Amino acid sequence: MGAGGRMSVPPSQRKQESGSMKRAPISKPPFTLSEIKKAIPPHCFQRSLIRSFSYLVYDFILVSIFYYVATTYFRNLPQPLSFVAWPIYWALQGSVLTGVWVIAHECGHHAFSDYQWIDDTVGLILHSSLLVPYFSWKYSHRRHHSNTGSLERDEVFVPKKRSSIRWWAKYLNNPPGRFVTITIQLTLGWPLYLAFNVAGRPYEGFACHYNPYGPIYNDRERLQIYISDVGVLAVTYGLYRLVLAKGLAWVICVYGVPLLIVNAFLVMITYLQHTHPALPHYDSSEWDWLRGALATVDRDYGILNKVFHNITDTHIAHHLFSTMPHYHAMEATKAIKPILGEYYSFDGTPVYKAIFREAKECIYVEPDEGEQSSKGVFWFRNKI
């Protein structure tokens with residue numbers, strides 16, 4: 001695969017696009033979900049409350065150590081060294097808190113324990129502490145898993161068709177423009193999605209993760225959306241009290257910047273999992289759940305794979321079996337690769353290169369031309 005990637009190589013007769021990048025297969029897989037599941041050792045589906053908590057405790061120990069060092073020793077450093085120390089703290093704390101975010105995400109999938117009330121309690125506390133409306137995102141994210149790869153029903157990072165591209169897109173289709181776009185996406189993308197459904201599925205009416213009566217949610221879910229809002233408001237009030245006690249600069253340095261890094265990692269991870277020149281999207285005439293779930297790609301974040309609890313390099317297994325705990329996902333991924341064959345996609349391109357490549361190559365989607373092409377299968381294009 002181009003740019004150092006290692007995307008699974010399809011048959012030689014498959015069409016080729018964007019240089020050496022091979023497209024993922026779009027035909028109906030020669031295996032079923034049941035057959036994939038049988039290839040995975042049964043213990044991989046077992047959730048251990050103790051083991052799940054052990055990862056959370058480990059993350060909290062690291063968060064506490066970083067916090068203690070920063071708040072105890074940084075103020076005694078000479079100014080040039082403090083300018084180096086704080087960015088190191090932000091990077092480390094933001095990375096570990098991203099792991100905490102992933103554990104809360106597991107709670108939303110009921111992958112933390114065998115007890116739904118424990119999962120929801122832990123998830124609500126963790127996500128609220130990171131200013132995420134837990135139940136609100138849990139329900140919209142569940143619909144993403146139910147409709148992955150569907151142009152009409154997927155929930156997030158739904159690619160635009162060529163006819164929907166705005167007039168200004170051609171002015172951003174250059175290196176400086178892509179840099180600005182990626183910067184805005186990584187810094188503001190997550191809060192804009194939660195508040196205004198930016199890059200989300202189109203809805204009738206105002207779609208917002210904080211609105212219990214918005215079109216995203218049904219009547220059975222509305223009470224829990226209120227609970228999510230209360231959780232976020234409670235943490236926001238706690239931050240306000242901290243600002244009064246410690247000062248705005250202290251809160252920004254200790255909590256605010258690491259949170260920005262968490263949000264940036266979250267957007268980057270999700271974007272790169274579902275955006276790749278070799279991945280198809282489907283309209284309603286072609287989409288089915290299994291092909292949609294397979295239209296994702298595992299990535300390599302180096303040492304951060306472990307810090308992020310392998311949400312980065314086991315994403316395909318996660319989409320197939322979302323209630324599987326993260327600590328079994330690597331074993332499960334290894335087990336399903338022989339079954340999936342060419343339907344398993346992995347790209348080892350360094351992510352800092354991949355995000356710019358995808359921003360360049362993946363601007364909109366349209367079907368291939370020609371009589372033999374399926375009009376319900378859409379591929380990324382970049383010619384504006």
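The numbers here are math on the coordinates, done by the rules we state, and not lab data. No experiment lies behind these values; they were computed from the predicted model shown. Cβ atoms come from the backbone with ideal geometry, glycine included; neighbour counts cover every protein chain shown.
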Worksheet, complete the sentence: One finds, for LYS306 and SER48 with R0 = 22 angstrom and r their Cβ-Cβ distance, a FRET efficiency to the nearest 0.05 of 0.75
Worksheet item: Reported to two decimal places, what Rg/Rh ratio describes the stretch 154-252 when computed on Cα atoms with Rh from the Kirkwood expression?
Response: 1.09
Response to the item:
With Cα springs under 10 Å, the Gaussian network model of the chain assigns the largest mean-square fluctuation among TRP287, TRP117, TRP190 to TRP117
Fill in: Selection from ALA91, HIS145, GLY231 lying farthest towards where the dipole of the stretch 41-381 points positive, charges on Cβ
ALA91
Discussion item. If you average the alpha carbon positions of the stretch 264-295 and of the stretch 118-141, how far apart do those two centres end up, in angstrom?
Written reply: 23
Practice prompt. May I ask for the distance between the Cα centers of the stretch 33-47 and the stretch 199-231, given as a whole number of Å?
Written response: 34
Worksheet entry | the stretch 87-206 - Rg over Rh from alpha carbon coordinates, Kirkwood radius | 1.03
Worksheet entry | the stretch 41-381 - convex hull of the alpha-carbon atoms, volume per residue in Å³ | 158
Worksheet item: Where the only charges are on Cβ atoms (+1 Lys, Arg; -1 Asp, Glu), what is the dipole of the chain about its Cα centre, to the nearest 20 debye?
Response: 660
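Quick check on the stretch 184-325: what are the equivalent-ellipsoid semi-axes from the Cα gyration tensor, as sqrt(5λ), descending, whole Å?
Values: eigenvalues 188, 105, 40 Å².
Calculated on Cα positions only, the semi-axes equal 31, 23, 14 Å.
Enumerate by residue number the chymotrypsin sites (Phe, Trp or Tyr not before Pro) in the stretch 126-168 meeting two conditions: DSSP loop (anything except H, G, I, E, B), and at most 11 other Cβ atoms within 10 Å of the site's Cβ.
Working: sites: TYR134, PHE135, TRP137, TYR139, PHE157, TRP167, TRP168; in loops: PHE157, TRP167, TRP168.
Those that pass, being in a loop and sparsely packed, are TRP167, TRP168.
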Discussion item. In the chain, once you exclude exposed GluC sites (Glu not before Pro) (DSSP loop, at most 11 other Cβ within 10 angstrom), what's the longest stretch remaining?
Written reply: 1-203
Fill in: Residues of type lysines that LYS306 reaches as a straight line, Cα spacing below 22 Å, ignoring anything fewer than 8 places off in the same chain
LYS334, LYS337, LYS353
